[in-house]
Amino acid sequence: MKKQPKQDQAVDYVDRDHAISESLDSFAANLTTNAAKARTDLVDVVFQSCEKPQAFEWRTHAKLAIALGDIRSRDGLLRKLHDNPEARSSFQAHLTTEIERAQEAYVAPFATVIAGIAWLDGDGEFAAVMVDRALNADSAYSLAQLLDIALRHDVPSYIWSQSLEAVSYESCIAGAA
């Protein structure tokens, strides 16, 4: 028998969906004005939010989902995490909590970034679990496919680290990566 969600849990997801819709609209409007600034501002807000141990409100969750769903913002976050290894643990903890609250459309980006952080930190086993989760959610998610290939072929994580180093944060945000 399938378990029915509690009434207040359903309301929570309505609030989540509303926050994501508002954040998407705001981000889209900001992209038309100045795309690089919009992405940088979004990455900064998400990065700073993940430094705090508190659980996310839906507005913060929505910004995280939007940042991970936008490839250039996601790549900027990954570069920033590469450059700030002390922030990875906190960021990964937030992502691991927030993936359970995410809309299905955002599971692949969440899981892939968790996998990338785990791989950078030498935890290939957990990275592989998260890559599988990403590919189960979206088998065409290209970064998850690339990580899957690298993990299956035992590519050392320093190779990815070197490729992240080769592209500046600004280039990630601009889409040159």
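The values are calculated or read from the model by the stated rules, or taken from the named source; none is laboratory data. Just so it is clear, the structure is predicted and the values come from calculations on it, not from any experiment. Glycine also receives a Cβ, built like all others from the backbone with ideal geometry; neighbour counts cover every protein chain displayed.
Annotation: ALA128 fulfils all but one of (1) in contact with a Leu (Cβ under 8 Å, 6 or more places away or on another chain); (2) within 18 Å of LEU77 (Cα to Cα); (3) aliphatic (A, V, I, L, M); the unmet one is (2).
Scan GLU125, GLU98 and give me the residue that is surrounded by fewer than 17 Cβ atoms within 10 Å (Cβ to Cβ) and acidic (Asp, Glu).
Every option except GLU125 fails the conditions.
Can you name the condition, by its number, that HIS82 falls short on among (1) modelled with pLDDT under 95; (2) loosely packed, with under 15 Cβ neighbours inside 10 Å; (3) in a helix (DSSP H, G or I)? So HIS82 meets the others, but not (2).
Residue by residue, here is whether (1) modelled with pLDDT of 95 or more; (2) crowded, with 21+ Cβ neighbours inside 10 Å; (3) on the phi > 0 side of the Ramachandran plot; (4) charged (D, E, K, R) holds:
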{"position": "ALA29", "(1), (2), (3), (4)": "yes, no, no, no"}
{"position": "ARG39", "(1), (2), (3), (4)": "yes, yes, no, yes"}
{"position": "VAL43", "(1), (2), (3), (4)": "yes, yes, no, no"}
{"position": "GLU51", "(1), (2), (3), (4)": "no, no, no, yes"}
{"position": "ALA55", "(1), (2), (3), (4)": "no, no, no, no"}
{"position": "ALA65", "(1), (2), (3), (4)": "yes, yes, no, no"}
{"position": "LEU68", "(1), (2), (3), (4)": "yes, yes, no, no"}
{"position": "ILE71", "(1), (2), (3), (4)": "yes, no, no, no"}
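Restricting ASP15, ASP75 to those that are touching a Phe, Trp or Tyr at 6+ places or on another chain (Cβ under 6 Å), acidic (Asp, Glu) and part of a helix (DSSP H, G or I) reduces the list to ASP15.
Among the residues here, ALA115 qualifies as of a type outside the set (Val, Ile, Thr), within 24 Å of ILE149 (Cβ to Cβ) and modelled with pLDDT of 95 or more. State whether one or more residues within the range 55-65 are of a type in the set (D, E, K, R), part of a helix (DSSP H, G or I) and touching a Ser or Thr at 6+ places or on another chain (Cβ under 6 Å). Yes; the residues of the range 55-65 include at least one that is of a type in the set (D, E, K, R), part of a helix (DSSP H, G or I) and touching a Ser or Thr at 6+ places or on another chain (Cβ under 6 Å). Flag: ALA93 does not match the condition of being crowded, with 23+ Cβ neighbours inside 10 Å, closer than 20 Å to ARG16 by Cβ and either modelled with pLDDT of 95 or more or out of contact with any His (no Cβ under 7 Å at 6 or more places or on another chain) (or both).
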